[in-house]
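Notes follow once the structure below has been shown.
The values are calculated or read from the model by the stated rules, or taken from the named source; none is laboratory data. Since this is a predicted model, take the numbers as computed values, not measurements. Using ideal geometry, Cβ is built from the backbone for each residue, glycine included, and neighbour counts are taken over all protein chains shown.
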Amino acid sequence: MRLTFTALLSVFTFLTSFANAPATSTFQFVANAGQWPSQVQFATAVPGGHLFLENNQFTYNLQALPAEYNHSASSAAKAIQGHAFRMQLVGAQLKPRTLGQERQSTYHNYFLGSDPKKWASKVPLFAVVRYEQVYAGVDMVWHSVDGHLKYDYEVAAGADPGQIRMRYEGLDKMELHDGQLRLHTQLGVQAEQAPIAYQVLANGQRRPVACRFRLYDNEVRFELTGKYDTKLPLIIDPALVFSTYTTNSTFLSANSAAGDEYGNMYTAGYTQDSTYPVTIGAYQSHQRGQNLGISKLDPTGRTVLFATYLGGNSAEYPLDMTITAKNELIVLALSGSTNYPVTATTYDNTFNGGQDYVISRLSADGASLLASTYLGGSGFEAGSLSSRPATVTSTPTGGVLIGGNTNSTNFPVRNAVQSTLRSIGTSGFQSGNDGFVTSLNEALSTLQWSTYLGGTAEDQVHDIKVAPDGSIYVCGQTASADFPVGSTGLNRTFRGGQLDGFLLHLSAAGNNLLGGTFLGTTGTDLARFIDFDSDGQVLVAGGTAGSYPVTDGAFTLQTPNTEKVFIHCFNPALTSTIFSTQITAAISGSIVSSTLITAFNLDACNRIYFCAYGSTNSSPVTSDAFSTAQRSIYLAVLSPGARRLEYGTYFGGPANGGTHLHAAASNEITKQGVLYHIECTTTTSFTTTPGTYAPTKTVGTNSGAAFKFNMLPAGASLPTLTAALPPVPVGCAPYTVQFSNAGSGAETYEWDFGDGSPLETSATPAHRFERPGTYQVRLTVTRTGGCGPQRLTTTTTVGVTNQAAPLVSAVAAVPAGCAPYTVQFQNTSTSTGPVRYEWNFGDGSMEIGIAPQHRFTVPGRYVVRLTAEQASPCGTQRSVSETVVVVDPPAPALVANFQAPTAVCVTTPVEFVSTGVGAMRYQWNFGDGTPLETSEKPLHRFPRAGTYQVQLTVSLTNVCGNKQETIRRSIVVQDPPTLVERIDSLDCRAQLTLDAGITSNKYEWSTGETTRSIIVKKAGTYRVNVTTNAPCPTTVAFTIQPAGERNIFNIITPNGDRRNDTFVLPSELGVPELRIFNRWGQEVYQSAAYRNEWQAEGQPAGVYYYQVRQPQCALTLKGWVEVIR
């Protein structure tokens, strides 16, 4: 026995990390070839969802998908919880140059939805994505190390790391914890490990630089707390950790495996879709669906050659695969999608309702959807995901046979053995089913024949095989006692129990039931697989919970309370038993959730091989077993005629430790005894081989454990005659092909090149095809002796083409524009067939595409180069064209503004100053009827008081256009206040204090002084201007008279009324001397210290004369005073 490989496809998804060992990267980046919105550059799968790398932002879309799916894949959309968030590089280039690096050997193909324009083939994957000059002197690099997704910033010598700013949107919370940046969503927490910064010295050593995150609201920056050499580059290196997401993988379920004649392995599973989020933040939406994920591994399991994704707007689940003689892959699946990808000439291009089957034919490289169709009626076909087997097989003539179950009353039938649905089960998804068999042509465009097969209870078809004579054998399970088995057969009545198996023989045209038999016991029984021995006898294998008949001499092992694999060999007419046996494989009850057996076949020497779920430790093993301890899978090889056990072993995951039992499990054992198997498991301890694509599993959710096991017993041999032709690439006429024969053991060779030339008989001929066309080359090999075939035929296709028409690259002229200038380029190239267009925009950025749009941000003259390249079998054509894009400087920013007081005093000169930006011309309108001004800083006097609307209009002229801006403001013009006059005089003191009497912070005296009060010693007129908040200053005038110039009141009326009774002198004279004389000169009063007390006592009315003398200031005043009585 030899285990070729085991690999765990734990991230089997639209972005599965497929690569060529040993350069496999945990996270790989798939280029956007139109399968996502145009802003996406690359994408990668992350635990629980996907990460989309855009121009200067990065969007995560996470979805809460359960670890297992067990519901219907109906067309009704299902609500899911999701959370999307985004990291944006603040201040970065809007569209930095983005490069995929370390291209992987694998590629992806996307056939999602019914619009072929959105399909993409041979999409490359990269281990590294580099953003060049995302900031000045800073590159950003996405990659993975030790299973962690990482982004690094490479800061060039002299560049500023402080430019790096990351803004997060859509999170529930963001925090720093123990140096980590923790990003909280509705579905869990993503952590970015504390950043590491370092510089690489000349000797290659790393010198660490202390670095940490700093959080500013929703913006994250790096703080370098350690010293570093700015003359050396700097690397800042955080890592992302996805720790607590609900779903740790985008893989949901694995079900089918097959192998081709070259030893390559195909696997098919059910994967999470790759939807770009519509909104940021937590959301609930209706998912587009889960897609089919198909991968092809090389014979060693080290390289995934490609991954192809098929699906629509609901869910698809793979049920079976087969590989045709042309090495094309046919996939059978169930679908609830209304837009599953179908081809133009398909038999049925519309969804029929409920749930349909879909059949798709893929080219050998997975890159072309050659044919694809729906098959179904208005009810439900198939079961809930993996609950019911179905089968697809390719006929020797290239046709396609499909078998399964349906409860549609209008399922398509033609030339039918049974034209109507007979099941009378209750209506609904899981009941009322008959089996069916349908035949389509190779192009899946024509229904050749189709028939129901069933009774009044539940029935299913599990397998179909074409006999050497072209007739057809069908097996399955039935609960119908009236299931039609025809008029001839070994057991024509229901055997009892909940279920029986059945085996039917149909004519090649499908319209005649040639015979049939029930298979079973009084327990539950079902038939799962069919094969033929070299004599044309029919073998059927299935599961039984009863005691299946064992013929004399057959090897058997029956353990009580277990369920068994049965093998029954019939004559072609199904009327007699050649041999039968049963072998314990599972604990009681397993057959309820699975068909027990997962693969079955005979080799060329009639050894019998089978594989089954191993849920008991009592299955027979041989001394050379790979494992005698119970594991999840049991493998066995019986000698021809089932006489003895030649090999028995356990394999797979731990016993009862995470393997999911799939009733629809479909795997393959080849005629060379090689098992291709995939197991749906949650265990992390599945037996694997080193060096394979994915030898370890680190998460506890579903994974596909794919393995290839050579079951040929030790010392056994197989016939050496094999026939195989490697594919021949398309060539250019005249095309000479050196054929190589990949087969072995032949004694004679016969080559038919399909172009009418004579047959060739050499082993490896060279042949020249003169004319273009598609040629079917047939090789027939023969030998004599030994077991197995004595004659084999194989074919390959040779495509011959003409030289393609000349490729001429051309791009339409682009008019000049102003920066920033967005140009939609027009590609006017002429070509036939697919062409790769590469654009170099002359500003350091490049793009692949037919007619891109590009934004030029800096003025200049750019030579844009378009390189068109077309690869063909006749060689590669390359054509280059150029156009010039002139980007003029943008018109400067123009802002109108001016500076001026809001209120002024009439006739006061006011300076107006333009304070805007970019003006070349000025026009001032002061609103007072005066002429317009055109200077930048005019001086203006308003002639009258009032409120004026001052308008400034500024303008500029540029090659990118004219601009004009206007601003208006109100100016209040006031008259000055009334002059305040005050009169005062000097007293006998030598000075006088003058006070403005108004509080202010600015005083301007006519003497030049600036204080509120001043001291004067001379008579005269003094003025002070007092500036307040009012537009006009207040002026106070002081008139100061000499001390002798006094106004003395010279009439008194001494009548005792206390009013003007005495002669009063001004107070500033102090206490002077006073003498009073009558008109005859006679002194009538005298006082040396007069205090205003003279009342003309004893004197008559009349006029008197006074003399006032103030000795202190040598002042003498004379005058008259009249006394009135």
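All of (1) closer than 28 Å to Cys680 by Cα; (2) of a type outside the set (A, V, I, L, M, F, W, C); (3) surrounded by 18 or more Cβ atoms within 10 Å (Cβ to Cβ) hold for Ser423 with one exception: (1).
Yes/no matrix, rows are residues, columns are (1) small (Gly, Ala, Ser); (2) out of contact with any strand residue (DSSP E or B) (no Cβ under 9 Å at 6 or more places or on another chain); (3) at pLDDT 55 or above; (4) more than 30 Å from Ala664 (Cα to Cα):
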{"position": "Ser17", "(1), (2), (3), (4)": "yes, no, no, no"}
{"position": "Val30", "(1), (2), (3), (4)": "no, no, yes, yes"}
{"position": "Gln41", "(1), (2), (3), (4)": "no, no, yes, yes"}
{"position": "Ala45", "(1), (2), (3), (4)": "yes, no, yes, no"}
{"position": "Lys78", "(1), (2), (3), (4)": "no, no, yes, no"}
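With respect to the conditions (1) in a loop (DSSP other than H, G, I, E, B); (2) exposed (fewer than 15 other Cβ atoms within 10 Å of the Cβ), Gln1112 falls short on a single one, namely (1).
Hey, Glu747 hits all of (1) in contact (Cβ under 8 Å) with a residue 24 or more places away in the chain; (2) surrounded by 15 or more Cβ atoms within 10 Å (Cβ to Cβ); (3) of a type outside the set (Val, Ile, Thr) but one; which does it fall short on? Every listed condition holds for Glu747 apart from (2).
If you go through segment 708-728 and keep only what is of a type in the set (A, V, I, L, M, F, W, C) and either surrounded by fewer than 18 Cβ atoms within 10 Å (Cβ to Cβ) or part of a loop (DSSP other than H, G, I, E, B) (or both), you end up with Met711, Leu712, Ala714, Ala716, Leu718, Leu721, Ala723, Ala724, Leu725, Val728. The residue that is surrounded by the most Cβ atoms within 10 Å (Cβ to Cβ), counting only those in segment 173-186 that are in a strand (DSSP E or B) and of a type in the set (S, T, N, Q), is Thr185. Among the residues of segment 440-475, those identified as within 44 Å of the chain's Cα centre (by Cα) and either among the aliphatic types (A, V, I, L, M) or more than 30 Å from Gln498 (Cα to Cα) (or both) are Leu440, Asn441, Glu442, Ala443, Leu444, Ser445, Thr446, Leu447, Gln448, Val461, Ile464. Residues that are assigned to a loop (DSSP other than H, G, I, E, B) and at pLDDT below 85 were ranked within segment 218-247; the one that is nearest to Met166 (Cα to Cα) is Pro238.
For segment 758-801, residues that are assigned to a strand (DSSP E or B), surrounded by 15 or more Cβ atoms within 10 Å (Cβ to Cβ), over 53 Å from the mean Cα position of the chain (by Cα) and not β-branched (Val, Ile, Thr) total 1. The strands (runs of 3 or more DSSP E) found entirely in segment 484-559 that carry 3 or more residues being farther than 17 Å from Gly435 by Cα are 538-544.
The residue list Gly553, Gly496, Gly523, Gly543 contains one member that is surrounded by fewer than 18 Cβ atoms within 10 Å (Cβ to Cβ) and within 18 Å of Ala479 (Cα to Cα), which is Gly496. Can you find a residue that is of a type in the set (Ser, Thr, Tyr) and under 29 Å from the mean Cα position of the chain (by Cα) anywhere in segment 346-358? Checking segment 346-358: not a single residue is of a type in the set (Ser, Thr, Tyr) and under 29 Å from the mean Cα position of the chain (by Cα).
Look at (1) within 20 Å of the chain's Cα centre (by Cα); (2) of a type in the set (A, V, I, L, M, F, W, C); (3) at pLDDT below 85 and you find that Ala254 fails only one, number (1). Scanning segment 861-895 for residues that are at pLDDT 90 or above and among the acidic types (Asp, Glu) yields Glu869, Glu882.
Filtered by the rule that a residue be closer than 13 Å to Tyr775 by Cα and touching a Phe, Trp or Tyr at 6+ places or on another chain (Cβ under 9 Å), segment 737-756 gives Val737, Trp751, Phe753, Gly754, Asp755. Selection of strands (runs of 3 or more DSSP E) fully inside segment 897-967 by the criterion of at least 3 residues being of a type in the set (Val, Ile, Thr) returns 946-958.
Every listed requirement among (1) more than 15 Å from Pro640 (Cα to Cα); (2) touching a helix residue (DSSP H, G or I) at 6+ places or on another chain (Cβ under 8 Å); (3) of a type in the set (A, V, I, L, M, F, W, C) is met by Cys569 save one, (1). Condition (residue is within 19 Å of Ser423 (Cα to Cα) and touching a Pro at 6+ places or on another chain (Cβ under 9 Å)) applied to segment 503-512: is it met by at least one residue? Checking segment 503-512: at least one residue is within 19 Å of Ser423 (Cα to Cα) and touching a Pro at 6+ places or on another chain (Cβ under 9 Å). On inspection, Val189 fails the criterion of being in contact (Cβ under 8 Å) with a residue 60 or more places away in the chain, touching a Phe, Trp or Tyr at 6+ places or on another chain (Cβ under 9 Å) and part of a strand (DSSP E or B).
One line per residue, one yes/no per condition, for (1) closer than 28 Å to Leu112 by Cα; (2) touching a strand residue (DSSP E or B) at 6+ places or on another chain (Cβ under 6 Å); (3) of a type in the set (Lys, Arg):
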{"position": "Gly376", "(1), (2), (3)": "yes, yes, no"}
{"position": "Gly383", "(1), (2), (3)": "yes, no, no"}
{"position": "Thr391", "(1), (2), (3)": "yes, yes, no"}
{"position": "Ser408", "(1), (2), (3)": "yes, no, no"}
{"position": "Arg414", "(1), (2), (3)": "no, yes, yes"}
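Just one of the listed residues (Val835, Val800, Val858) is at pLDDT 90 or above and among the hydrophobic types (A, V, I, L, M, F, W, C), namely Val800. Residues satisfying the criterion are absent from segment 419-441 (criterion: farther than 19 Å from Ser480 by Cβ, assigned to a loop (DSSP other than H, G, I, E, B), of a type in the set (S, T, N, Q) and in contact (Cβ under 8 Å) with a residue 60 or more places away in the chain). Which number in (1) part of a strand (DSSP E or B); (2) of a type outside the set (S, T, N, Q); (3) farther than 29 Å from Ile971 by Cα marks the one condition that Lys1018 misses? Lys1018 satisfies all of (1) part of a strand (DSSP E or B); (2) of a type outside the set (S, T, N, Q); (3) farther than 29 Å from Ile971 by Cα except (1).
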